[in-house]
Amino acid sequence: GDIVLLTKPVTLTEGDRVTLTTDVPVATDGTSKPEKLLYAVSLPPVHGQIEHINYPGVPISSYSQLDVVAQKVSDVHSNSHGAGKESLR
């Protein structure tokens, strides 16, 4: 089926960590199994990384809708000075 992805922008400042919830990315593909949907990080954050909360400090390149529902994925902004704000979309 068709895939529908709804997102709200999240803005982080230096050192921030935001746990992704279904308020940020939520997708559906028309099936009755949204927990099987996978997100691929095609363009990682410039000043930080996407992490699984069980493995802090380790960037991930994909995660599932089930991970989002369980609040297991975070966008972590680096502590680099002068990095400024960054938005996840």
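The values are calculated or read from the model by the stated rules, or taken from the named source; none is laboratory data. The structure presented is a predicted model; accordingly, all values stated were derived computationally and were not measured. Quick reminder, even Gly has a Cβ in these numbers, built from the backbone with ideal geometry, and neighbours come from all protein chains shown. Keep in mind that these areas ignore ligands, DNA and RNA; they rest on the heavy atoms of the full protein, side chains included. Shrake-Rupley method; radii C 1.70, N 1.55, O 1.52, S 1.80 Å.
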Requiring at least 3 residues that are at pLDDT below 80 and in contact with a Lys or Arg (Cβ under 9 Å, 6 or more places away or on another chain), the strands (runs of 3 or more DSSP E) wholly within segment 9-57 are 10-12
Pairing a residue in segment 65-88 that is within 23 Å of N54 (Cβ to Cβ) and open to solvent by 40 Å² or more (accessible area, probe 1.4 Å) with any residue that is part of a helix (DSSP H, G or I) and modelled with pLDDT of 85 or more, where Cβ atoms lie under 9 Å and the two sit 6 or more apart in sequence or on different chains, gives K72/L66
